[in-house]
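I am attaching a structure below and will ask some questions about it afterwards.
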Amino acid sequence: MQPFNVMIDWNSGTMSEGDRKTRRVSDMQGMYHNQAAARDALDNGDPKIYEYTTIQLPQESDHVLFGTTTVFPGRIGSECFMTKGHYHEQRATGEVYVCFSGHGRLIMETEDGAGKVLEMLPGSVSYVPPYWAHRVCNVGDEPLIFFAAFPGHAGHDYGSIEQSGFSVRVERYGDEVVVVDNL
Ligand code: PAN
Ligand code: ZN
């Protein structure tokens, strides 16, 4: 394989190569705590929650996959727009998130019951260690744009999160951001 460049447009978070996916409320059924608010959002235009691009490379451990994500600002009820979140299928793979613009929270947890929430802001580089599920919430009024890199063989396990969710959620009231237990 030959080395190559890709270009990232930091205003939008789009990348010159790779497969861009859009996630709307309809793609995240049951993930927001306030189900009535989620239904309202669905009936009112099914807003875009986030978009992400992943470079197309062999999904092998010798390679490093990378991509950008743009989480749009907004809330479903009080809960901030967020990514679906996932474990890596190969649990023993980590990831690096580099935030370029906007303001967010990175929610992480393990199957052993450990949890951690980190702030994401321009210049923050967050390390997601192996075994930690991860989800990003936009707590600001601007798009939250970040870059991610992870081992090629990581794979994505969305099912575990779809079934049991994360143990906390991030809500915003006025300018106050709160992390609430999902009981
Ligand atoms: C990221 C995520 C991206 C979208 O590249 O895939 O932010 O979030 P979901 O995958 O949870 O929909 C990553 O963590 N890759 O491993
Ligand atoms: Zn990941």
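Just so it is clear, none of the values below were taken in a lab; they were calculated from the coordinates. Model, not experiment: these values are computed from the prediction. Here the Cβ positions follow ideal geometry from the backbone for every residue, glycine too, while neighbour counts run over all protein chains shown.
Just to be sure I understand, how many residues within segment 53-70 are in a strand (DSSP E or B) and either over 17 Å from Arg105 (Cα atoms) or more than 14 Å from ligand 2 (Cβ to nearest atom) (or both)? Please lay out each step first, then the result.
So in segment 53-70, the residues in a strand (DSSP E or B) come out as 53-54, 64-70.
Next, from what is left, pick out any that are either over 17 Å from Arg105 (Cα atoms) or more than 14 Å from ligand 2 (Cβ to nearest atom) (or both): 53-54, 64-67, 70.
Here the count works out to 7.
Out of segment 112-148, which residues are within 13 Å of ligand 1 (Cβ to nearest atom), over 18 Å from Thr53 (Cα atoms) and surrounded by 16 or more Cβ atoms within 10 Å (Cβ to Cβ)?
Those that are within 13 Å of ligand 1 (Cβ to nearest atom), over 18 Å from Thr53 (Cα atoms) and surrounded by 16 or more Cβ atoms within 10 Å (Cβ to Cβ): Met120, Ser126, Val128, Trp132, Ala133.
In segment 161-172, what residues are in a helix (DSSP H, G or I) and either surrounded by 14 or more Cβ atoms within 10 Å (Cβ to Cβ) or touching a helix residue (DSSP H, G or I) at 6+ places or on another chain (Cβ under 9 Å) (or both)? Give the derivation first.
Start the filter on segment 161-172 by keeping residues that are in a helix (DSSP H, G or I), which leaves 161-164.
Scanning segment 161-172 gives Ile161, Glu162.
Here is a further query. Kindly indicate whether Asp27 is more than 14 Å from the chain's Cα centre (by Cα) and more than 14 Å from ligand 2 (Cβ to nearest atom).
no
Residues of segment 64-111 being among the charged types (D, E, K, R), farther than 30 Å from Arg39 by Cα and buried (at least 17 other Cβ atoms within 10 Å of the Cβ), which ones?
Across segment 64-111, the qualifying residue is only Glu95.
Can you pull out the residues in segment 138-162 that are away from ligand 2 (no atom under 15 Å from the Cβ) and hydrophobic (A, V, I, L, M, F, W, C)?
Val139, Leu144, Ile145, listed by residue number.
Which one of the conditions (1) farther than 19 Å from Thr14 by Cα; (2) more than 15 Å from ligand 1 (Cβ to nearest atom) does Gly165 fail to meet, given that it meets all the rest?
Of the numbered conditions (1) farther than 19 Å from Thr14 by Cα; (2) more than 15 Å from ligand 1 (Cβ to nearest atom), the odd one out for Gly165 is (2).
Let me ask you something else. With segment 71-130 as the region, which strands (runs of 3 or more DSSP E) entirely inside it contain at least 2 residues that are touching a helix residue (DSSP H, G or I) at 6+ places or on another chain (Cβ under 8 Å) and not basic (Lys, Arg)? Give the derivation first.
Working: elements: 95-101, 104-109, 115-120, 125-128.
In segment 71-130, there are no strands (runs of 3 or more DSSP E) which contain 2 or more residues that are touching a helix residue (DSSP H, G or I) at 6+ places or on another chain (Cβ under 8 Å) and not basic (Lys, Arg).
Looking at this structure, is Glu171 over 19 Å from Gly30 (Cα atoms) and either away from ligand 2 (no atom under 16 Å from the Cβ) or not β-branched (Val, Ile, Thr) (or both)? Show your work before the answer.
Numbers: over 19 Å from Gly30 (Cα atoms): no; either away from ligand 2 (no atom under 16 Å from the Cβ) or not β-branched (Val, Ile, Thr) (or both): yes.
For Glu171, the condition - over 19 Å from Gly30 (Cα atoms) and either away from ligand 2 (no atom under 16 Å from the Cβ) or not β-branched (Val, Ile, Thr) (or both) - is not met.
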